[in-house]
Amino acid sequence: MVTALAGCAAASDGEAAVSAAASGVAAPPPGGAAGVRAGEPGPSTARPAPTTGPPTRTPAPSATTEASGPGQHAQIVASSPVVAPTNDAAKLRTLPANTTQVVIVQSASPSATTATLQAYTRAGGLWRPVLGAMTARLGSKGISDDKHEGDKTTPAGVYGIDATMYGINANPGVKYPYHQIVTDDWWNENSDSPGYNTFAHGPNPGGPSEALWTYNPQYLYMAVIRYNMPATPGRGSGIFLHQAGAGSTAGCVSLAQADLLNVLRWLDPAANPQIVMAPTAWLGRY
């Protein structure tokens with residue numbers, strides 16, 4: 001589930017290939033050295049200098065022009081600016097200003113159930129990939145921008161990571177508060193209850209609520225994606241970044257255990273991390 005190009009400069013002495021006409025000195029006879037390219041021998045093709053009028057000085061060409069004339073051709077090249085890395089995170093426009101971690105989960109099409117997950121961190125104003133690209137699984141019906149409860153789609157959009165991580169196993173060393181799942185821990189997926197789309201401990205909240213302690217290996221470790229929070233009844237619930245099972249999910253994003261643990265340990269609440277889930281063609285929305 002879930003590089004900068006240094007510029008180079010070709011320096012000019014600012015006087016290369018200035019013609020004899022600009023100096024006010026008569027040109028030498030054919031075979032002389034005036035008017036040739038800087039640093040190169042060869043015959044001159046410069047025109048004779050004017051015989052009247054005070055000497056003049058030709059200004060050095062700008063960084064975007066060439067000094068040209070008979071027998072001369074000196075080009076000034078300006079230093080190239082530093083170019084920011086181009087990647088998917090750098091193109092996002094709707095992330096919160098204080099977000100310095102983002103996870104992008106993108107699929108080839110809305111119906112695809114496999115996606116690529118890449119994590120990025122921002123430093124010095126630039127987004128750079130970390131951890132390496134990972135293969136993620138999505139809902140069995142792909143990605144939707146109109147998710148509803150039970151439709152088995154992964155919701156498209158940009159979402160935060162909830163304040164607590166969970167898992168049947170003990171805390172693997174995450175930076176978030178961690179709750180180890182026990183019997184009677186539920187995720188309330190009953191649209192008709194006041195606790196819809198929240199964690200609950202105790203009796204079954206009803207409806208399609210999930211008995212978290214029974215989902216092994218999926219819920220050995222997981223983070224809660226803040227989709228539909230606060231909840232609107234019927235819009236979907238229980239969207240997690242969790243460990244992969246045998247195939248696609250019911251709407252969550254899943255990763256192989258080693259990849260999942262790398263992501264969960266990397267996520268830092270101080271960085272206000274966000275997760276973006278979308279087909280590649282939709283990333284421009286965000």
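Numbers below:
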read-out	value
K152 paired with K175, simple spin-label distance in nm, labels 7 Å along Cα-to-beta-carbon	3.7 nm
Alpha-carbon centroid distance for the pair the range 124-148 / the range 87-112, whole angstrom	7 Å
Pair S140, L126: separation of 7 Å Cα→Cβ label points (nm)	4.5 nm
R137 - accessible surface, heavy atoms, 1.4 Å probe, Å² rounded to 10	70 Å²
Which of T99, T280 is most accessible, then next, and so on - probe 1.4 Å	T280, T99
Per-pair calculated FRET efficiency, R0 = 35 Å: T94 and Q257 via Cβ, rounded to 0.05	0.65
Protein-only accessible surface order, largest first, of F240, F199 at 1.4 Å	F199, F240
Accessible-area order (highest first, 1.4 angstrom probe) of the listed residues S111, S191	S111, S191
Proximal lysines relative to K141, as straight alpha-carbon distance under 26 Å, when same-chain residues fewer than 8 apart are discounted	K152
Nearest-20 debye value, the range 111-270 charge dipole, Cβ charges on Lys, Arg, Asp, Glu	560 debye
Cβ-defined net charge surrounding Q218, 11 Å radius [Lys, Arg +1; Asp, Glu -1]	0
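The values are calculated or read from the model by the stated rules, or taken from the named source; none is laboratory data. Predicted, not measured: the structure shown is a model, and the values here were computed from it. FYI the Cβ positions are ideal-geometry reconstructions off the backbone, even for glycines, and counts take in every protein chain you see. For accessibility, only protein heavy atoms count, side chains too; no ligands or nucleic acids. Shrake-Rupley method; radii C 1.70, N 1.55, O 1.52, S 1.80 Å.
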